[in-house]
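The values are calculated or read from the model by the stated rules, or taken from the named source; none is laboratory data. Here the structure is a predicted model, which means the values were calculated and not measured. Note that we place each Cβ from the backbone using ideal geometry, even for glycine, and neighbour counts take in every protein chain shown.
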Amino acid sequence: MRERERKKKKEMAGQKRDEVMKIGEEQDIVIVGGGICGLATALALHRKGIRSIVLERSETLRAVGVGILMQPNGWRALDQLGVASKLRQTAIDISSGEFITVDDGKRHELALGKGELRCLKRMDLIEALAEPLPANVVHLGCQVLSIILDPVTSYPILQLHDGSMIKAKIVIGCDGVNSIVSKFLGINSPKLFFRCATRGFTYYERGHNFDDQFRLYHSQTVQLGQLTVTDKLVYWYLTRSLTSEDSGASKKDPAYIKEASMEAIKGFPEDMVEMIKLSEPKALYLTELRYRTPCDLLRARLAKGAVVVAGDAMHAMCPFISQGGGASLEDAVVLARCLSEKLMQAANQNQLGRKLMVAEALDLYVKERRMRLFWLSLQTYLVGLTLDNTSKMKKVLGMITLVLIFGDQKSHSDYDCGHL
Ligand SMILES: Cc1cc2nc3c(=O)[nH]c(=O)nc-3n(C[C@H](O)[C@H](O)[C@H](O)COP(=O)(O)OP(=O)(O)OC[C@H]3O[C@@H](n4cnc5c(N)ncnc54)[C@H](O)[C@@H]3O)c2cc1C
């Protein structure tokens, strides 16, 4: 048993680049970033019989944040990637929700929309995406510093932190909110939102008494979501106004994160206070929220030649409608589908023909994704405005625009990214 665990850990750790890749070697498809989107994209390509490599700067595959809410659109994408049934085994189906106003204790039914809603452990998701990949796909400890174009072939060249370079025929930037690939494409950096989010897990040794409902507590300044993951494990997240103390070293200090969370939920029900008090210090994350503006998503050049972005690198959004991860999985499916169709047509073409086909595939992908991502990010932004307790006008404006534009607030989860 121990031997099997050790082997699995070794596989999960991926491989150091030098063991499998010669410096300066040319690669067909390089994915920058081994988070949810990078791994899902590698898996989607692998399922289509297309080889890629993933360069991840961390020394191990890791998941920032602890739980993730997966909505029906995300499950459709996971089904296409062939990992949904495995994940369903360990994540409880959440069939109903409750909205609780803390100040007056009033409870309303929370509309969850139709279809499958589950909270996953992020690491389970990362493992499920990484496990089916061949051994030499994920390369850890590989930080990409910049991208330049080969002056002769115009193929992208990736410069790594150790001075080495990798030539690639296609570069897919899945390198998150501070993406260097999106900088290469000239996309504006994501903006800082005025709220921050704290995420945590609470483990109840003897089991907890919560049912499988999604609970959303709301006070003047704080929103607290609570979801059951297993009989013993509960995921919670909290959003509140960002303060100057939340930046710098303190955002990595579990003691500060817990203290600030306890302070924020003063007056909340006893079981919620207890839940945060008992939360695992190692699994506490404080995130300053950043977002790409809906306008930038409409206007930006999201692909140029053989370089494209996906996931948060493309559409960083705040977590108010819990769709960043689901949308990243959709990106992976659509991108692999577009690439595989065009690469098949390009099989008998010369180098120039293949290059044109790749550019067409990436443009097709961007075209298919752009409006979907625009609406998702607009809705997220408006929901964020409704949480603004510093400006009543912004709050009211957010609410009115939300109702006018998005009648059905849950229709974003009906989206189907289609077959791989
Ligand atoms: C508080 C919070 C709660 C959320 N809740 C939900 C939710 O419930 N449901 C949901 O669907 N979404 C949720 N999201 C959004 C979701 O977490 C993200 O959309 C998703 O993780 C994006 O995945 P990604 O792979 O694009 O980026 P990331 O997860 O950021 O991964 C990027 C990877 O690239 C690597 N990297 C970065 N730069 C380089 C480089 N130069 N070279 C090599 N590697 C690099 C990083 O180390 C990292 O591993 C939430 C987000 C936040 C902040």
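Which fully enclosed strands (runs of 3 or more DSSP E) of the range 104-147 have 1 or more residues being β-branched (Val, Ile, Thr)? Walk me through it before giving the result.
Values: elements: 107-109, 118-121, 138-140.
Per the criteria, 138-140.
Residues in the range 333-391 that are closer than 26 Å to Gly82 by Cα and of a type in the set (Gly, Ala, Ser): Ala336, Ser340, Ala361. Counting only strands (runs of 3 or more DSSP E) that fall entirely inside the range 167-245 and contain at least 2 residues that are within 11 Å of the ligand (Cβ to nearest atom) and within 17 Å of the chain's Cα centre (by Cα), the qualifying elements are 191-203, 233-241. Suppose we filter the range 394-409 for residues that are crowded, with 17+ Cβ neighbours inside 10 Å and under 20 Å from Arg369 (Cα atoms); how many remain? Number of matching residues: 1.
Residues checked against (1) crowded, with 23+ Cβ neighbours inside 10 Å; (2) modelled with pLDDT of 95 or more; (3) hydroxyl-bearing (Ser, Thr, Tyr):
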| site | (1), (2), (3) |
| --- | --- |
| Arg337 | no, yes, no |
| Ser340 | no, yes, yes |
| Gln345 | no, no, no |
| Met357 | no, yes, no |
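Against the definition (surrounded by fewer than 15 Cβ atoms within 10 Å (Cβ to Cβ), at pLDDT 95 or above and either not assigned by TED's automatic domain parsing to the domain that holds Phe214 or not aromatic (Phe, Trp, Tyr) (or both)), how does Arg47 come out, yes or no? Here the answer is no, as Arg47 does not meet what is asked. Surrounded by 15 or more Cβ atoms within 10 Å (Cβ to Cβ), within 15 Å of the ligand (Cβ to nearest atom) and without any contact (Cβ under 8 Å) to a residue 60 or more places away in the chain: is that true of Ile257 in this structure? Yes: the conditions hold for Ile257. Is it the case that Phe99 is aromatic (Phe, Trp, Tyr), surrounded by fewer than 18 Cβ atoms within 10 Å (Cβ to Cβ) and over 24 Å from Glu25 (Cβ atoms)? It is true that Phe99 is aromatic (Phe, Trp, Tyr), surrounded by fewer than 18 Cβ atoms within 10 Å (Cβ to Cβ) and over 24 Å from Glu25 (Cβ atoms). Checked against (1) more than 27 Å from Thr390 (Cα to Cα); (2) surrounded by fewer than 17 Cβ atoms within 10 Å (Cβ to Cβ), Leu185 meets all criteria but (2).
All conditions in (1) hydrophobic (A, V, I, L, M, F, W, C); (2) away from the ligand (no atom under 14 Å from the Cβ); (3) in contact with a Gly (Cβ under 7 Å, 6 or more places away or on another chain) hold for Ile92, with the sole exception of (3).
Looking only at the range 274-281, decide whether some residue is within 17 Å of the chain's Cα centre (by Cα), modelled with pLDDT of 95 or more, of a type in the set (Lys, Arg) and more than 8 Å from the ligand (Cβ to nearest atom).
So in the range 274-281, the residues within 17 Å of the chain's Cα centre (by Cα) come out as none.
Within the range 274-281, none of the residues are within 17 Å of the chain's Cα centre (by Cα), modelled with pLDDT of 95 or more, of a type in the set (Lys, Arg) and more than 8 Å from the ligand (Cβ to nearest atom).
Out of the range 43-83, which residues are hydrophobic (A, V, I, L, M, F, W, C), near the ligand (Cβ under 10 Å from one of its atoms) and assigned to a strand (DSSP E or B)? Give the steps one after another, and end with the answer.
From the range 43-83, those hydrophobic (A, V, I, L, M, F, W, C) are 43-45, 50, 53-55, 61, 63-64, 66, 68-70, 75, 77-78, 81, 83; that's our starting set.
Next, from what is left, pick out any that are near the ligand (Cβ under 10 Å from one of its atoms): 54-55, 61, 63-64, 66, 68-70.
Across the range 43-83, the qualifying residues are Val54, Leu55, Ile68, Leu69, Met70.
From the list Val234, Val171, exactly one residue is among the hydrophobic types (A, V, I, L, M, F, W, C) and farther than 30 Å from Ala336 by Cα. Which is it? Explain how you work it out, then say what you get.
Details: Val171 fails: farther than 30 Å from Ala336 by Cα.
Every option except Val234 fails the conditions.
Among residues of the range 321-351 being outside any loop (DSSP other than H, G, I, E, B), near the ligand (Cβ under 9 Å from one of its atoms) and not small (Gly, Ala, Ser), the one that is nearest to the chain's Cα centre (by Cα) is Leu329. Residues satisfying the criterion are present in the range 358-371 (criterion: in contact with a Cys (Cβ under 7 Å, 6 or more places away or on another chain) and among the hydrophobic types (A, V, I, L, M, F, W, C)).
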